[in-house]
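Let me begin by presenting the structure, written as structure tokens, before commenting on it.
Since every read-out is calculated from the coordinates, none of them should be taken as a lab result. This structure is a prediction, so every number in the text was calculated from the model and none was measured. FYI the Cβ positions are ideal-geometry reconstructions off the backbone, even for glycines, and counts take in every protein chain you see.
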Amino acid sequence: MEKSSLKVGYQGEKGAYSETALHELFKETAAEAVPFRTSYEVVDAMKKGRIDVGLLPIDNSIVGNITHTYDLLVENRLTITREIIIPIHHNLLVFPGVQSDQIRKIYSHPAAIAQCEVFLRGLPLAEIIPTYDTAGSAKMIADKKLTDTAAIAGDRAAELYGLEKLKQQIEDYPHNQTRFVLISSENISYKQDDLAPWKTTIVFNTLDQPGMLYKCLGVIEKYNLNMTMLTSRPHKTEPWKFNFFAEIDGHAESETLKKAFEEIRGMTGFLHLLGSYHRYEAQGLYSLEAAAGEKRINVTAPLYSLERHPDATVIRVDGVQIGGGTFTVIAGPCSVEGRHQMIESAKISKEQQAHILRGGAFKPRTSPYSFQGLGEEGLKLLKEAGRQYNMPVITEVIAPEDVELVASYSDILQIGARNMQNFVLLQEVGRCKKPVFLKRGMMATVKELLLSAEYILAKGNADVILCERGIRTFETATRNTLDISAIPLLKEKTHLPVFVDPSHATGIPSLIEPVAKAAAAIGADGIMVEVHFNPAAALSDADQALSEKQFASLMASLKKMQLFM
Ligand code: PEP
Ligand code: MN
């Protein structure tokens, strides 16, 4: 008779993170995934023989222990037979068409709510309602067609229940991961083999005597064992007594572990083996440490650094490559002033073979009385000009609440020098899927520029371009002073593309071409220059805008340097 596939119970509805973990764990063996409302029901079904094993979440990298699972392990004397760690990325899901200002309630599992605490603080008007499951919350919205409610859940839940992702990667830390354990109610003990590193989980308690925990840990030290985790849970029937859970590298059948456990048991009276199982070591995303071993990555180094990410970041927008050995020219007017001005300036930029079109719609002006930009109207005109000349577009965003709007029109989001340390804005563009062009503040150090980039990277957006645009010095003959050495310096420190803006750096048209050449020669990945079809009539930065002729000369010089394919 053919053996039917293993029945594996998990907590949650279809589309829950547990189900994703289950598919990952059983990608090579047949298993039937059986959903249950609660972890308790998983254990109960297992004890009654309705399922073979269960998969439960046990630790999360942001919120720590899933304490309920620890309690179930002890109360039911369960055995851990396998473990798996998966990355967890939460979305704010809504019924299709629902806008953020309609949301009055947010449903999710308490652990997911805790992982998005900072994000949820930004939505003070919504009532946060804990439910039994992330995917279950999504299902509820879909089933009841709720238009005033959002759910925090994963990609699979969005797909399964046809909900829209209003916001992605809303977890407070980008490397959010959860560890799940496969549990059995039978006392399974796997024979030690050489296939993979083993680890063992034990639970013990201590007598109420001074220094008892210290003595137990002393045994672990005496046998030179590597303890990777220690946590405690209250002993429910005896107040203020605790059970200690420890994870130790090695198999319980090995000589040293056997001796160590015997000694601890002798001192405490209670040591229960929860299981020996293979330590989870997956490829790629799933195990930063494993990847680090192969590529010598320092997983604790900043995300911007070459120690963390040795290969140059390459960004592709609509067929234009940024970084990784190309030289990219961004050109266009300082501000979008109207259809005619934008189309004519785009035409010049395209004819001279600029790759990306710029134009400011929200302008951060020094004086409140200067032209502030056309706002959304400007975004529309910029997009129209980009479409007409088949160029991706870039424009500045100056307020966190505008990020969504600007991202709906622009291919790249520019953060201006005056906003380089607007941390709320940096986090908001970090949650966005569009590349970010981050300009160095006029009074910021190179380190501060890199740390501002880190704010964006830490929110999950890997596509950041840095731009040196001149800093303030005692010199007033030029608008700013280009810190030319910052370019090779940044190249020594980061994998992110580095651009130069010779227009704002010098403020003088005749200097823009030689400075652009210097930028290319010293290793920049591209430049951003201001070009206007009629510089004298420009509403902002008229003094530094290049005319068609000047821009043509600049591009001819760059072409002579054989920068373009
Ligand atoms: C700009 O690019 O138009 C601009 C305002 O630049 P910066 O932020 O470098 O001053
Ligand atoms: Mn400008």
Need one word for segment 362-509: rounded, prolate or oblate. Basis is the Cα gyration tensor (sqrt eigenvalues a ≥ b ≥ c); a/c below 1.5 gives rounded, then a/b vs b/c decides.
oblate
Using r as the Cβ-Cβ distance of residue 253 and residue 186, and R0 as 25 Å, what FRET efficiency do you calculate, to the nearest 0.05?
0.90
Extension length gain for residue 326 and residue 147 (0.36 nm per residue less Cα distance), in nm, is 59.8 nm
Simple label model, 7 Å out from Cα along Cβ direction - residue 14 to residue 424, nm
4.2
How long is the gain from residue 230 to residue 27 if the chain were fully straight, where each residue apart is worth 0.36 nm and the alpha carbon distance is subtracted?
70.0 nm
The set of residues whose placed amide H lies less than 5 Å from the amide H of residue 7, leaving out same-chain residues fewer than 5 positions away, is 32, 52, 53
Give, as a single signed number, the net charge of other residues whose beta carbon lies under 12 Å from the beta carbon of residue 13, with Lys and Arg counted +1 and Asp and Glu -1.
+1
Which loop-located chymotrypsin sites (Phe, Trp or Tyr not before Pro) does segment 450-523 contain, where loop means any DSSP state but H, G, I, E or B and the Cβ has at most 16 other Cβ atoms within 10 Å?
474
Given a Förster radius of 35 Å and the C-beta distance between residue 312 and residue 445 as r, what FRET efficiency does 1/(1 + (r/R0)^6) yield to the nearest 0.05?
0.95
Exposure proxy check: 420, 442 ranked by fewest other beta carbons within 10 Å?
442, 420
Pop a pseudo-label 7 angstrom from the Cα along the beta-carbon direction at both residue 508 and residue 370 and give the gap in nm to one decimal.
1.9
Could you give me the radius of gyration and the Dmax of segment 189-292, taking only the C-alpha atoms into account and expressing both in angstrom?
15.1, 46
Please enumerate, by chain and number, the lysines with C-alpha under 29 Å from the C-alpha of residue 215, excluding those fewer than 8 residues away in the same chain.
199, 236, 241, 258, 259
Would segment 91-170 count as rounded, prolate or oblate if I go by the C-alpha gyration tensor, calling it rounded below 1.5 in a/c and otherwise prolate when a/b exceeds b/c, oblate otherwise?
rounded
Once you place label points 7 Å from the Cα toward the Cβ at residue 212 and residue 485, how far apart are they in nm?
6.3
Can you give me the C-alpha center-to-center distance between segment 406-436 and segment 52-115, rounded to a whole angstrom?
30
Placed amide H near residue 275: partners under 5 Å, 5+ positions off or other chain:
80, 201
Which pairs break 29 Å Cα to Cα here: 447/559; 350/447; 439/559; 459/559?
447/559; 350/447; 459/559
Please report 10, 369, 132 as a ranked list, fewest other C-beta atoms within 10 angstrom at the top and most at the bottom.
369, 132, 10
The size of the Cβ-based charge dipole (Lys, Arg +1; Asp, Glu -1) of the chain about the Cα centre, to the nearest 20 debye, is 360
Counting only DSSP loop positions in segment 179-246, the trypsin sites (Lys or Arg not before Pro) whose Cβ has at most 15 other Cβ atoms within 10 Å are 191, 236, 241
Cβ density ranking, 10 Å radius, fewest first, applied to 68, 495, 532 yields 68, 495, 532
What does the extension gain come out to for residue 117 and residue 105, with contour length at 0.36 nm per residue minus their alpha carbon separation?
2.8 nm
The chain, relative contact order in percent, only Cα pairs under 8 angstrom and at least six apart counted:
11
Dipole of the chain, positive direction: furthest Cα of 9, 563, 160, with charges on the beta-carbon:
563
Starting from the amide H of residue 250, placed 1.01 Å from N in the peptide plane, find each other amide H under 5 Å away whose residue is 5 or more places distant or on another chain.
198, 199, 200
HN-Hα couplings for segment 395-410 via Karplus (6.51, -1.76, 1.60; θ = phi - 60°), in whole Hz with x for Gly/Pro, come out as 8, 7, 10, 10, 9, x, 6, 9, 4, 4, 4, 5, 5, 6, 10, 9
Divide by every residue of the chain the summed helix terms, -39500 (n - 2.57) for each DSSP H run of at least 4, and state the resulting mean residue ellipticity at 222 nm, rounded to the nearest 500 deg cm²/dmol.
-9500 deg cm²/dmol
Antiparallel bridges, percent of DSSP beta bridges restricted to the chain (to nearest 5):
55
